[in-house]
Ligand SMILES: [Zn+2]
Ligand SMILES: [Zn+2]
């Protein structure tokens, strides 16, 4: 399986600002030496040597992740503003689309009015969520005066599925299971298994001691995952100020991944007030913390970054 990130930001879309771009250019210019511009090759080598925090951005769109499986169907987790670009990629295909909604906070559904495939007559789209009245919520955000086009303009081949927590079901050979996590108004983590690969998406969660319990339910859901995409919105200091806001500091996400023997951890749902520099410094701290402070030191830790794709 592969994972592609289309939206990684939490709470609200956060476009990069002019001041942030200018700051990056200033630092790049300070690093250039005469030999770096001697030839096209030298210029390319120089650009390739720049850290990701300078030559690129983590991204500003809200939560949306694509799961690329052996199946012909498109698997999408959450429908934040990142789903708009993903819709452009798949709108010309005619394959079924399966969208898994973790919860209905706006940063996880706000991209739907701009998701082109929904407006293609008879395009097959399936929504999965823990709310039986899921359609009503989508209809609400497309009502006048919030949006000029109503949900009636969507394909007539859209289906809404209610998911029972902890029960598994299969789509095209991919086994899916959802688990309730701690977040204001509730949020569900999803586990996807195909063959011997297991991927967990757990955005918007404030993990607590129950999540570390070695219970059968936790064991079956979390243990030995090949990849965990997890809410790591805060620094530890900020998490103390924002207790009960429903998000996890990055070091607890590392503890959690270590405790459940996860192979790859993707820090996700980035805080909108953190810029690229701060997010990359958090990644470094998470890697340092993994190396020096936790028992299982074999976790690979990544910053979920818009546009990037990973083999799992
Ligand atoms: Zn969120
Ligand atoms: Zn939320």
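The values are calculated or read from the model by the stated rules, or taken from the named source; none is laboratory data. What you see is a predicted model, and the numbers here were worked out from it, not measured in a lab. For neighbour counting, all protein chains shown are included, and Cβ atoms are generated from backbone atoms with ideal geometry for every residue, glycine included.
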Single condition residue 86 does not satisfy, out of (1) within 16 Å of ligand 2 (Cβ to nearest atom); (2) crowded, with 23+ Cβ neighbours inside 10 Å; (3) more than 16 Å from residue 163 (Cβ to Cβ) | (1)
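Test residue 170 against the criterion of being touching a helix residue (DSSP H, G or I) at 6+ places or on another chain (Cβ under 7 Å), at pLDDT 95 or above and away from ligand 2 (no atom under 16 Å from the Cβ), and give yes or no. Don't jump to the end; show me each part of the working.
Values: touching a helix residue (DSSP H, G or I) at 6+ places or on another chain (Cβ under 7 Å): no; at pLDDT 95 or above: yes; away from ligand 2 (no atom under 16 Å from the Cβ): yes.
Taking the combined requirement at face value, the residue does not satisfy it.
Enumerate the helices (runs of 4 or more DSSP H) found wholly within the range 174-282, keeping only those where 1 or more residues are surrounded by 21 or more Cβ atoms within 10 Å (Cβ to Cβ), at negative phi and within 16 Å of the chain's Cα centre (by Cα). So that I can check it myself, show each step before the final result.
On the way: elements: 209-212, 216-222, 236-241, 250-259.
Hits in the range 174-282: 250-259.
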Is at least one residue of the range 62-70 under 30 Å from residue 150 (Cα atoms), at pLDDT 95 or above, buried (at least 23 other Cβ atoms within 10 Å of the Cβ) and more than 16 Å from ligand 1 (Cβ to nearest atom)?
-> yes
Matching residues in the range 54-94 - criterion: being over 14 Å from residue 307 (Cα atoms) and under 14 Å from the mean Cα position of the chain (by Cα) = 75, 76, 77, 78, 79, 80
Assuming residue 158 fulfils every condition listed in (1) within 28 Å of residue 94 (Cβ to Cβ); (2) under 21 Å from the mean Cα position of the chain (by Cα) apart from one, which condition is it?
-> (2)
Taking the range 132-163 only, how many residues are closer than 20 Å to residue 108 by Cβ and part of a loop (DSSP other than H, G, I, E, B)?
-> 8
If only one of 115, 104, 119 is away from ligand 2 (no atom under 14 Å from the Cβ), touching a helix residue (DSSP H, G or I) at 6+ places or on another chain (Cβ under 9 Å), in contact (Cβ under 8 Å) with a residue 12 or more places away in the chain and within 27 Å of residue 228 (Cα to Cα), which one is it?
-> 115
Candidate set from the range 90-137 (those that are within 16 Å of ligand 1 (Cβ to nearest atom) and more than 23 Å from residue 192 (Cα to Cα)); member that is surrounded by the fewest Cβ atoms within 10 Å (Cβ to Cβ) = 106
Taking only pairs six or more apart or across chains, which ones have beta-carbon atoms under 9 Å, a first residue in the range 251-277 that is without any contact (Cβ under 8 Å) to a residue 24 or more places away in the chain, and a second residue that is away from ligand 2 (no atom under 16 Å from the Cβ)?
-> 274/58; 274/235; 274/282
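State all residues of the range 1-15 that are in contact (Cβ under 8 Å) with a residue 60 or more places away in the chain and away from ligand 1 (no atom under 15 Å from the Cβ); if no residue qualifies, say none. Steps first, answer last, please.
So the first thing to find is which residues in the range 1-15 are in contact (Cβ under 8 Å) with a residue 60 or more places away in the chain, and the list is 1-14.
Scanning the range 1-15 gives 1, 2, 3, 4.
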